[in-house]
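A short write-up of the structure that comes next.
The values are calculated or read from the model by the stated rules, or taken from the named source; none is laboratory data. Owing to the predicted nature of the structure, the values given are computational and were not obtained by experimental measurement. No Cβ is skipped: glycine too gets one built from the backbone with ideal geometry, and neighbour counts run over all protein chains shown. The area values use the complete protein model at the heavy-atom level, side chains included, leaving out ligands, DNA and RNA. Shrake-Rupley method; radii C 1.70, N 1.55, O 1.52, S 1.80 Å.
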Amino acid sequence: MSKIHNFSAGPCILPPEVLLEASEAVKSWGSNGLSLIEMSHRSKPFVAVMEETRALTKELLGLPDRFDILYLQGGASLAFLTAAYNLLPEGGSAAYSDTGTWANKSIKEAKHLGNIDVVASAKESGYTGIPATPKVNDTHSYFHYTSNNTIYGTQYKGVPTEAGVPLVADMSSDIMSKKFDASPFSLIYAGAQKNMGPAGTVMYAFDKDALGKTGRSIPSYLDLGVHLSKDSMFNTPPVFPIFTTLLTLRWLKNLGGVEAIESINDQKAALIYNEIDRNSLFTGHADIDSRSTMNATFKLLDERHKDAFNEAWASAGISGINGHRSIGGYRASMYNALPLESVKVLVDVMNELERTR
Ligand SMILES: *Cc1c(COP(=O)(O)O)cnc(C)c1O
C-alpha cells in the first residue's frame, strides 16, 4: 500500500491487509450493506466480533482458564486508576516499580486509593535500566510494574515473580510481542494502540477470582466485575477499534501466534542494536541488559551529523523515529507489524552515514 517505514511509537503501524479490511468494513460490512460503525453493537455480527476478540486474546496470550478479557475505553491511563479500584483494599497497600513516565502515572493514580510503596526505582540512573525487584511483604496486595517503557526503551526481560505477591502489569507497549507465564498475575492491561490495533480501546486480562475483595464501593464504569457481567458490553463499546484489533489478532494467529512473532521481533532488535553498538556515530540510551525489543532508543554522539542523518532517513521513507521530547535523540519502535525489511533500511542509512562522514 505504501513504502513508508513506519517506526511510530504509537499509535502503531498495522499490517496493510488489516487496514484494507478495516477500511472496507467502514464502507460496508456483512450481508445487510451497513457500515460496521453504523449498526447496533448488540446485533448478532458485532456480538460475534466481541466474543471472538476476547477469546482470541486469551488464546494468543495463553492465559489460564480463570482469566477473562474485556475491551473497554479510557486507555491505559484510566486503567492506572481502574487497577487500584479493583485490587487495592480500602485502607490497603500496594507495591509499585518506577521505571519511567508511564510507571509514574500509574503510581500517581493509585495513590488516590491507598498507600503506594515505590519498592523499586530506576529514577536515579535517568531510567536507563530495569531495577531489581525486591521481595515485598504480604501487606502489599500486589506488585505493579510497566513491562516495557515505551519512552526510555527499557523492558523487563522476565516476569518479576520474585516480588512474592500477585502481579499487575501495564503491558501497553509489548503485549502480544513475546511469550510469558501469566499465572502469577491478577491483572494485565494494555492500550491497544501500541501493538494490537488503533487507539480507542484498552484490553484488560484478569483473574476473575481476584475481584470483589476490596471492600470499597466502585463506580460502575470502573468496576471490572460490572463489565464482566455484561460481557464487555456494559455501554456502547468502541466498535471500530475492537474490530480492527480483532483483524490484527487474526493476522497474528495466521503468522503462527506470539511465539512466531517473538522470533521476528528478536531478529529486528538484534539488527538495530548491533548497528547502534557497531557504528561509531551512535550510542544507545538503555543499559544493554535492559534493552527493549519494541523501542530502541539511541542518539548521535556528535550533533553535527544531525542534519545529514535526518535528511538521509527521511529520504529513505523512514517515519516516526524522533525520540520522545523528554529524552531527545531517536527511537525506533519496532512493533509486531513492522517488517524486518524496514529495520534493514534504517540500519543501511546509519551504516551509510558513517561511511560518508
Ligand atoms: C502509551 C502508553 C500508555 C498510555 O496509554 P493510553 O492508552 O494513551 O492511555 C500507558 N502505558 C504505556 C507503557 C504506554 O506506552
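Number of residues in segment 193-247 that are open to solvent by 30 Å² or more (accessible area, probe 1.4 Å), aromatic (Phe, Trp, Tyr) and within 16 Å of the ligand (Cβ to nearest atom) equals 2. For segment 281-312, residues that are in a loop (DSSP other than H, G, I, E, B) and farther than 30 Å from residue 176 by Cα total 3. Filtered by the rule that a residue be of a type outside the set (A, V, I, L, M, F, W, C), more than 10 Å from the ligand (Cβ to nearest atom) and under 26 Å from residue 215 (Cα atoms), segment 162-181 gives 164, 166. Exactly one condition in (1) without any contact (Cβ under 8 Å) to a residue 60 or more places away in the chain; (2) closer than 28 Å to residue 269 by Cα; (3) open to solvent by 10 Å² or more (accessible area, probe 1.4 Å) is not met by residue 147; state its number. Looking at each condition in turn, residue 147 falls short on (3). Scanning segment 132-155 for residues that are within 16 Å of the ligand (Cβ to nearest atom), part of a loop (DSSP other than H, G, I, E, B), on the phi < 0 side of the Ramachandran plot and of a type outside the set (Val, Ile, Thr) yields 147, 152. Taken over segment 108-119, the criterion of being away from the ligand (no atom under 12 Å from the Cβ) and assigned to a helix (DSSP H, G or I) is satisfied by 108, 110. For segment 71-95, the set of residues classified as at positive phi and within 11 Å of the ligand (Cβ to nearest atom) consists of 74, 75, listed by residue number. For residue 158, indicate whether it is within 11 Å of the ligand (Cβ to nearest atom) and not hydroxyl-bearing (Ser, Thr, Tyr). Spelling it out, it is not the case that residue 158 is within 11 Å of the ligand (Cβ to nearest atom) and not hydroxyl-bearing (Ser, Thr, Tyr). So is residue 62 closer than 22 Å to residue 191 by Cβ, within 16 Å of the ligand (Cβ to nearest atom) and within 26 Å of the chain's Cα centre (by Cα) or not? Criteria not met by residue 62. Within segment 313-335, if we keep just the residues that are within 17 Å of residue 11 (Cα to Cα), in a loop (DSSP other than H, G, I, E, B) and without any contact (Cβ under 8 Å) to a residue 40 or more places away in the chain, the residue that is most open to solvent (accessible area, probe 1.4 Å) turns out to be 325. When residue 232 is tested against (1) over 24 Å from residue 343 (Cα atoms); (2) assigned to a helix (DSSP H, G or I); (3) in contact (Cβ under 8 Å) with a residue 60 or more places away in the chain, just one condition goes unmet, and that condition is (2).
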